[in-house]
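What follows is one structure encoded as structure tokens, with my remarks underneath.
The values are calculated or read from the model by the stated rules, or taken from the named source; none is laboratory data. Bear in mind the structure is a predicted one, so any value in this text is a computation, not a measurement. Note: ideal-geometry Cβ built from the backbone for every residue, glycine included; neighbour counts use all protein chains shown.
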Number of protein chains: 2
Amino acid sequence: MADPTTSPPLTRTSVQAAHAIVKPYIHLTPILTSTTLNTIASTPQTPESLVGTPYEDQTPARPTFNLFFKCENLQKIGAFKARGAFHAISRLAPKERAKGVITHSSGNHAQATALAARTFGIPAHIVMPSISTASKVASTRSLGAQVYFSGSTAPERLEALSAVQAANPGAVTVPPYDHPDIILGQGTVVLEFEDQVQGQLDGKGGLDAVIAPLGGGGLLAGIATAMQGTGVRVFGAEPAYQGGNDGQRGLAAGKRVEEVSTLTIADGLRTPVGLLNWTVISDVEKVRGVFSVSEEQIKAALRLVLERMKVVIEPSAAVPLAVVLFDEEFRRLVEREAGEGGWNVGVVFSGGNTTVEAIGKLFAEEGEKATA
Amino acid sequence: MADPTTSPPLTRTSVQAAHAIVKPYIHLTPILTSTTLNTIASTPQTPESLVGTPYEDQTPARPTFNLFFKCENLQKIGAFKARGAFHAISRLAPKERAKGVITHSSGNHAQATALAARTFGIPAHIVMPSISTASKVASTRSLGAQVYFSGSTAPERLEALSAVQAANPGAVTVPPYDHPDIILGQGTVVLEFEDQVQGQLDGKGGLDAVIAPLGGGGLLAGIATAMQGTGVRVFGAEPAYQGGNDGQRGLAAGKRVEEVSTLTIADGLRTPVGLLNWTVISDVEKVRGVFSVSEEQIKAALRLVLERMKVVIEPSAAVPLAVVLFDEEFRRLVEREAGEGGWNVGVVFSGGNTTVEAIGKLFAEEGEKATA
């Protein structure tokens, strides 16, 4: 692994420096707004939808949202992960880098690492679970990476990684999320987001808050690091299914949850929060709160993005919008703190790597019934 | 019906005047480009994919495409139809307009007419087939229109329209495509497209050609009218399934095909070309050619737009891209006429009104097999 002790400190200035490094390699992804989504988000939920929640029989919150969406689904390789991978690999000394990089991932980090390695003309060795979908394996290979298969358990993966490392001495491991170089790279997304929203508002205001998905925590820790001292509140969003809300549960218990086993549809958010990321995310000065939503709520948010905004995102990327629309605790917080003027809330669309078949399966049982 | 003899002539100047009229009511929709799509489009098809076509055993064409996509899926009501409806209703005298408008449509024209009527504060009476999907009826109603149901045959529809007309004397019919006011309104899309492409190319060139879907023909006739005298070539794209390529067949026979009965997935393109639209489209000085593609080719193009470009369009809107990617006759024409430098080709994404269920059904049988 790249030695974390040689990384820059986790500060806003370091994220700015990371941005200068990765900028030539990544897309400045666009931001979107949607009158329809603002209207829906700013309409109180129905009393029925609160039945069975702690807010049953209470007046639904009336928050006012002015939403901005940062389209990292249009980032290179279709996800924000390109930022961290380019930053981490850029920071390796050329001589060290030349020996190649190793990582394991079934998803976006695999492709991000493959793309960054190809860009630097170095070998990429990627361990993927043998159950990975053919399309993901093919697109990792099409970026020039060597793919190795392993079983799905942690010991099986480690065994495969050791074998690859032994066969490629000197190759450097690029971890998927729990490393300062990765955190600083992912944080760059919000520097652009800030500028773009200020530009769109013609200098009359900017982001009041940002909400991003929380899985391993690289993205959220990066955003929180970048926003330190700016007054912009940072929130995390998780799937609740089968304990996928390990971040939220850890904060409640005052202790990081170390293991998670969930098959949530938000498949990018199935991992527990990393150790280093936890130190950032559990600092209330940096992350104001983490909220979680049900599978049905994620699907309802995803449907709105696909059908109303006409934008393709993956289920994990719909989780923050689901919190905005359906988490009554979050909505009360915004109503209370923002008041009538409401908040300009930045929602990070973290990625868009899905298939038409996956979309079909997700909504196969739904028919045309209501979506909340 | 609004008297077509009082409409402006079908000239580029009239389209420019129409644009000045509708501009305040519509979105200036963005244009997109895609390196991935340019690469795919500029790669020759495999010899295998030409088996069974007239080009079997010939060397696949090597055209060079620089594609630009005009996102009318992000237009108000999710389709270009808003342009024609706003133009037609704007041109009615206020006194005439006040009595309301009538139309029939199961699709985007219903919503476009409803929105324009609501904007002018006048009643909209919309006849829809009783088999229309619940979501389309609901969204037409949510725009304030009164919805009436009819059977699906032409006589049943006419009967319903007569009854609505009798009950609402003075209300004006807004036809879906075959009327000069509609044609001029739809044509406005390409004036924006021209400007946007020139802007993006920094004055170093502009569109060499535009390709748009051909159903009733309002959009294609409008584009052809707007492009007269500019040197920009105009092409139409149709579904071939069950004779849905009535425009192409009519051009070959030198005579408009008056009836079509196809259940192509490109459901916005099931109607035959209108009489007035035919006079424009059959003029080779205005429309250079019409090409058609199979259902599988439409699906393959749609998949690329959803999965690679991360943009949601409806199947009808994928038909022009399918021609670019898969119609060997069109590809040979571009190779021959454009030469090595290739052409800047504008592809009109005509609309984005679909549902996650419809996407699911479309690709349910596909699995992860190759998409060409």
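Of the residues making up region A:166-204, those that are small (Gly, Ala, Ser) and closer than 16 Å to A:Ala226 by Cβ number 2. Only residues that are touching a strand residue (DSSP E or B) at 6+ places or on another chain (Cβ under 6 Å), closer than 12 Å to A:Val273 by Cβ and assigned to a loop (DSSP other than H, G, I, E, B) were counted in region A:212-243, giving 1. Hey, among A:Ala79, A:Ala116, A:Ala110, A:Ala85, which residue is touching a Phe, Trp or Tyr at 6+ places or on another chain (Cβ under 8 Å) and under 23 Å from A:Ala212 (Cβ atoms)? Step by step, each of A:Ala79, A:Ala116, A:Ala110, A:Ala85 is checked, and only A:Ala116 is touching a Phe, Trp or Tyr at 6+ places or on another chain (Cβ under 8 Å) and under 23 Å from A:Ala212 (Cβ atoms). Within region B:80-97, the presence of at least one residue that is at pLDDT 95 or above, touching a strand residue (DSSP E or B) at 6+ places or on another chain (Cβ under 7 Å), more than 30 Å from B:Lys310 (Cβ to Cβ) and surrounded by 24 or more Cβ atoms within 10 Å (Cβ to Cβ) is confirmed. Restricting region B:38-60 to residues that are among the hydroxyl-bearing types (Ser, Thr, Tyr) and part of a helix (DSSP H, G or I), the residue that is surrounded by the most Cβ atoms within 10 Å (Cβ to Cβ) is B:Ser49. Taken over region A:140-158, the criterion of being under 26 Å from A:Val22 (Cβ atoms) and in contact with a helix residue (DSSP H, G or I) (Cβ under 6 Å, 6 or more places away or on another chain) is satisfied by A:Thr140, A:Leu143, A:Gly144, A:Ala145, A:Val147. From the residues in region B:98-122 that are under 21 Å from B:Gly216 (Cα atoms) and of a type in the set (Val, Ile, Thr), which one is surrounded by the fewest Cβ atoms within 10 Å (Cβ to Cβ)? Applying the filter and picking the extreme gives B:Ile102. Of the residues making up region A:120-153, those that are closer than 17 Å to A:Ala171 by Cβ and hydroxyl-bearing (Ser, Thr, Tyr) number 3. Which of (1) closer than 22 Å to A:Leu321 by Cα; (2) in contact with a strand residue (DSSP E or B) (Cβ under 8 Å, 6 or more places away or on another chain) does A:Val172 not meet, given it meets every other one? Result: A:Val172 fails condition (1) only.
State all residues of region B:19-29 that are farther than 17 Å from B:Leu115 by Cβ and crowded, with 19+ Cβ neighbours inside 10 Å; if no residue qualifies, say none. Once the filter is applied, which keeps residues that are farther than 17 Å from B:Leu115 by Cβ and crowded, with 19+ Cβ neighbours inside 10 Å, region B:19-29 yields only B:His19. Listed by position, the helices (runs of 4 or more DSSP H) contained in region A:266-372 that have at least 3 residues being buried (at least 24 other Cβ atoms within 10 Å of the Cβ) and within 14 Å of another protein chain (Cβ to nearest Cβ) are A:295-304. Of all residues in region B:227-250, none that is in the same structural domain as B:Gly187 (by the TED database) and at pLDDT below 95 has its Cβ atom under 6 Å from the Cβ atom of a residue that is outside any loop (DSSP other than H, G, I, E, B) and of a type in the set (A, V, I, L, M), 6 or more apart or on another chain.
Here B:Glu259 clears all of (1) outside any loop (DSSP other than H, G, I, E, B); (2) in contact with a Pro (Cβ under 8 Å, 6 or more places away or on another chain); (3) of a type outside the set (Ser, Thr, Tyr) except the condition numbered (1).
In region B:191-204, is there at least one residue being of a type in the set (Gly, Ala, Ser), assigned to a loop (DSSP other than H, G, I, E, B) and within 18 Å of B:Leu275 (Cβ to Cβ)? Taking every residue of region B:191-204 in turn, none turns out to be of a type in the set (Gly, Ala, Ser), assigned to a loop (DSSP other than H, G, I, E, B) and within 18 Å of B:Leu275 (Cβ to Cβ). Considering only region A:187-199, I want to know if a residue exists there that is farther than 20 Å from A:Gly342 by Cβ, aromatic (Phe, Trp, Tyr) and in contact (Cβ under 8 Å) with a residue 60 or more places away in the chain. Looking for residues that are farther than 20 Å from A:Gly342 by Cβ, aromatic (Phe, Trp, Tyr) and in contact (Cβ under 8 Å) with a residue 60 or more places away in the chain, one finds none in region A:187-199, hence no.
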